[in-house]
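Right, one structure below, let's go through it.
The values are calculated or read from the model by the stated rules, or taken from the named source; none is laboratory data. What you see is a predicted model; the values in this text were computed from it and never measured. FYI the Cβ positions are ideal-geometry reconstructions off the backbone, even for glycines, and counts take in every protein chain you see. Quick note on the areas: whole protein, heavy atoms, side chains included, nothing else; ligands and nucleic acids left out. Shrake-Rupley method; radii C 1.70, N 1.55, O 1.52, S 1.80 Å.
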Amino acid sequence: MSAPRPRKRFEEAVRATLVRRELLGGPPEERVHVACSSGADSTALALVLHALGHPLSLVYVDHQARPDTADDAAFVAALATALGAPFTSLTLPDGVRPTEDAWREARYAALDGLAPGPVALGHTLDDQAETVIQRLLRGTGTAGLGGIPPRRGRYVRPLIDRRRSENVEYLEALGQAWREDPSNATARFQRNRVRSRVLPLLEAEAPEVAVHLAHLADIAREEQLVLQSLARDFLCENGLVRGALARAPAGLLAAVLREACPVVPSAERLAALRGLVLGGRGVIQLSQGYAARFDGRGRSARLVFVRPEVGGAG
């Protein structure tokens, strides 16, 4: 009789996340695509959303990175059958570089082709903490500290407030198996090193550090939304006139430049753009063929973003 209590507690906690973060607010009959890898997190995600009454379809994305991915796909297909849900298997194209970033981009490209409806991903609070640490290691600003957004377009993350250990406890309470991806144990990927080496060291000093990092990510995203709103108001009132830009406080100026830039500027490029605004000369090269320069002279000059091969932008 003790098993239902943690199960119910977990399900109610996930329901609270869905409501508080406004993740699945569509019509009750709207089908949710669950990206399921056969691992503990995505398996728990499928089962808890089913328990909460959401119609599902289960989607397996084959990265072609291991010889046993057919077994993973078969596991997800069987789970879909048990839940009365449609099953779809997607295969990433040949030639994707075997890196975290390349696989993530290819995975989203594949999922983008699904039928309309929300796509639920199994990211957890632990994933959020690991992402914040990774971005700190690489160098980041406030925007990067926001980590993994609970919602991005059609993509939602109902487990973003739950620990990985809670997902395992939920599956064990249900008597539900899952499959372990052996690549999660390799030190080849930075995320795995953060998970197995860095985070345990931090937890030895502060056991709740993962929770604190996830809370930091929430605060950073909320503050970033405020800055974005102020930046848009500034652009509506002032445009990209050098005099107005130069008078803006440093934090607001950075937000205005990020908002106006047609590509996401790196920290180095953003610093270069700020230097250009504050009296620098010449052209700042950006990614995807874009460049930034001022048209005109003096404080009335206007910052423009150009892409020579297709003409002006901005």
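List of remarks:
- Shape summary of segment 162-314, radius of gyration then Dmax from alpha carbon positions: 22.6, 71 Å.
- Of the trypsin sites (Lys or Arg not before Pro) in segment 220-288, those whose Cβ has at most 14 other Cβ within 10 Å and which sit in DSSP loop: 281
- The Rg/Rh ratio of segment 76-145, with both radii computed over alpha carbons and Rh defined as the Kirkwood radius, is 1.06.
- FRET efficiency, residue 168 to residue 304 (Cβ-Cβ, R0 41 Å, nearest 0.05): 0.15
- Label-to-label distance, nm, for residues given as residue 13 and residue 112 (7 Å Cα→Cβ offset): 3.4
- Gyration tensor over alpha-carbon atoms, segment 153-242, equivalent ellipsoid semi-axes in Å: 38, 18, 15
- Antiparallel bridges, percent of DSSP beta bridges restricted to the chain (to nearest 5): 50
- In the context of the full set of protein chains, residues of the chain present 52 Å² of accessible surface per residue (probe radius 1.4 Å, heavy atoms only).
- Global geometry of segment 1-143, whether rounded, prolate or oblate, following the gyration tensor of its Cα atoms and the 1.5 cut on a/c: oblate
- Long-range tail of P(r) for the chain (Cα pairs > 30 Å, %): 45
- Taking GluC sites (Glu not before Pro) across segment 205-314, the ones in a DSSP loop with at most 13 further Cβ atoms lying within 10 angstrom of their Cβ are 208, 309.
- Dipole magnitude for segment 54-107: computed about the Cα centre from +1 point charges on Lys and Arg Cβ and -1 point charges on Asp and Glu Cβ, it is near 120 debye.
- Dipole magnitude of segment 150-284 about its Cα centre (Cβ charges: Lys, Arg +1; Asp, Glu -1), debye to nearest 20: 700
- Charges were assigned to the Cβ only: +1 to each Lys and Arg, -1 to each Asp and Glu. The resulting dipole of the chain about its Cα centre is roughly 1260 debye.
- Convex hull of segment 220-310 built on C-alpha atoms - directionally averaged projected area, nm²: 5.9
- Put 160, 219 in order of accessible area, highest first, and with a 1.4 Å probe you get 219, 160.
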